[in-house]
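Beneath this line is the structure, given in structure tokens, with notes to follow.
Read-outs throughout are calculated quantities, based only on the coordinates presented, and are distinct from any laboratory measurement. Being a predicted model, the structure only gives us computed values, none of them experimental. All Cβ positions, glycine included, derive from the backbone under ideal geometry; neighbour counts span all protein chains shown.
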Amino acid sequence: MGMVGGGPDAFIGAVHRIAARMDGMISLVCGSFSSDPQKSKVAGELLELSQDRVYPDYKTMIEKESALPENERMDFISIVTPNHVHFEPAKLALEAGFDVVIDKPVTFSLEEAKQLKQIIDSTGRVFALTHTYTGYPMVKQAKEIVASGKLGTIRKVYVEYLQGWLYNKLEDSNQKQAAWRTDPKRSGKAGCMGDIGTHAFNLAEYVTGQKVTSLCANLNTVVPGRLLDDDGAVLLCFDNGATGTLMASQVCTGAENNIRIRVFGDQAGLEWQQEDCNSLTVYHPDGPRQVWRTGTGYAGGLAVHNTRTPAGHPEGYLEAFANIYRNAVQVMLARRNNIEPVGASSDFPGIEEGVRGMAFVENVVAASGSSEKWKIFEV
């Protein structure tokens, strides 16, 4: 693996590196870790990489790696930069014949996401998007339960992602993560909704198997002087007639990262939340609640494939992140060897989810600024 971004003071780059190493299938061999060549060099030294494979910029990295013999160059590239530096390195890597793993949201704009999809379609490269929460075993179990029909016809979907870390104007203190996420030049059209609202949206579509067809949105900027939204709520209509509510906020003082989803059909309902990520609760109208647990023998195929430890041994955020890397690499290896990948390996977010995520951002921003009650979801 080669990496773009993730240098000194970065947060998510280290998470990607831990997740990638977890199953012993991936090693970091090169990188361009910062827009500052000196910072990239320092990061390479800390990561104990050969200095001739620590590059001053991603263009040089892709060019130099492409020139190496096939058995020496990087196999794929991981892009962990702020949103405005997603499209260009992904485009160059794909066109140079490298597979790509990229942090969400996929690009800075919907137009870039559509262009990237065209490149992926034309090159045929593997492309993975790290919508982490779909990597949890019990989220995958929830998807299988819904798909099996045990809940009946889906009627209601409630999904929320509440944080509190931006309850004050943290960006004024030069805190790097707050600074770029609240800057429209680097984050894009939306702040909170682009950062964590896209996770909630992706989780709702993943678990239910339904697509949003229209929405009604209200975005707020709670902290005075902030340039992008830090709070919002969205009413959703799905293609099977179900309705739902999505809430995302980064000003819920004291809240951490308890993303939560509840899905109700005409036969049963279910609930999953990250604070108890190894449990999935299923509700029945005429019987007691069921609690499904990670690592148990009764779990379905998707959950089992994405579980590493026996029941009672917690698996969390890093393991869910690692599932995306492992599944993507299993597909890369299968293609290299001209064999069909194991079915469960193909269950990871890709460019389709990326395009819909960017469409969600643009539709929410448009709906929030409109006097019309409902907006048709346009991709």
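Brief remarks on what is shown
- For residue 261, neighbours were defined as the other residues whose beta-carbon sits under 9 Å from its Cβ, and their charges (Lys and Arg +1, Asp and Glu -1) total 0.
- Of all lysines in the structure, the ones whose alpha carbon falls short of 19 Å from that of residue 114, not counting any fewer than 8 places away in one chain, are 91, 104, 189, 211.
- Seen against the Cα atoms of the chain and their longest principal axis, helix 198-208 is set at about 60 degrees.
- Cα-based helix-to-principal-axis angle, 351-368 vs the chain, degrees rounded to 10: 60
- Approximate shape of region 80-188 as ellipsoid semi-axes (Cα gyration tensor, √5λ), whole Å, largest first: 29, 25, 12
- About its Cα centre, region 2-125 has a charge dipole of approximately 180 debye under the convention of +1 per Lys or Arg Cβ and -1 per Asp or Glu Cβ, with nothing else charged.
- Antiparallel bridges, percent of DSSP beta bridges restricted to the chain (to nearest 5): 60
- Panel order for 193, 332, by other beta carbons found within 10 Å of each beta carbon, from fewest to most: 332, 193.
- Between 0 and 90°, nearest 10: helix 110-123 axis offset from the chain longest Cα axis: 60
- Dipole magnitude for region 171-216: about 160 debye, using +1 per Lys or Arg Cβ and -1 per Asp or Glu Cβ, origin at the Cα centre.
- Percent of C-alpha pairs per 20 Å bin, the chain, short to long: 28, 59, 13, 0
- Count Lys and Arg as plus one, Asp and Glu as minus one, and take only other residues whose Cβ is under 11 Å from that of residue 161; the net charge is then -2.
- Taking 0.36 nm per residue of separation and subtracting the Cα-Cα distance, full extension of the segment from residue 48 to residue 174 would add 42.5 nm.
- Residue 63-residue 220 FRET efficiency (beta carbon distance; Förster radius 45 Å; 0.05 resolution): 0.50
- Highest mean packing first, where packing is the average number of other Cβ atoms within 10 Å per residue, the peptides 149-159, 333-343 line up as 149-159, 333-343.
- Computed from the C-beta positions of residue 29 and residue 235, the FRET efficiency with R₀ = 45 Å rounds to 0.45.
- Taking every C-alpha pair closer than 8 Å and separated by at least 6 residues, the mean separation divided by the residue count of the chain gives a relative contact order of 19 percent.
- Partner lysines for residue 41 [C-alpha distance under 18 Å; skip if fewer than 8 residues away on the same chain]: 59, 64
- Straight-distance crosslink candidates among aspartates and glutamates, where the alpha carbon sits under 16 Å from residue 39 and sequence neighbours closer than 8 are dropped: 9, 48, 52, 57
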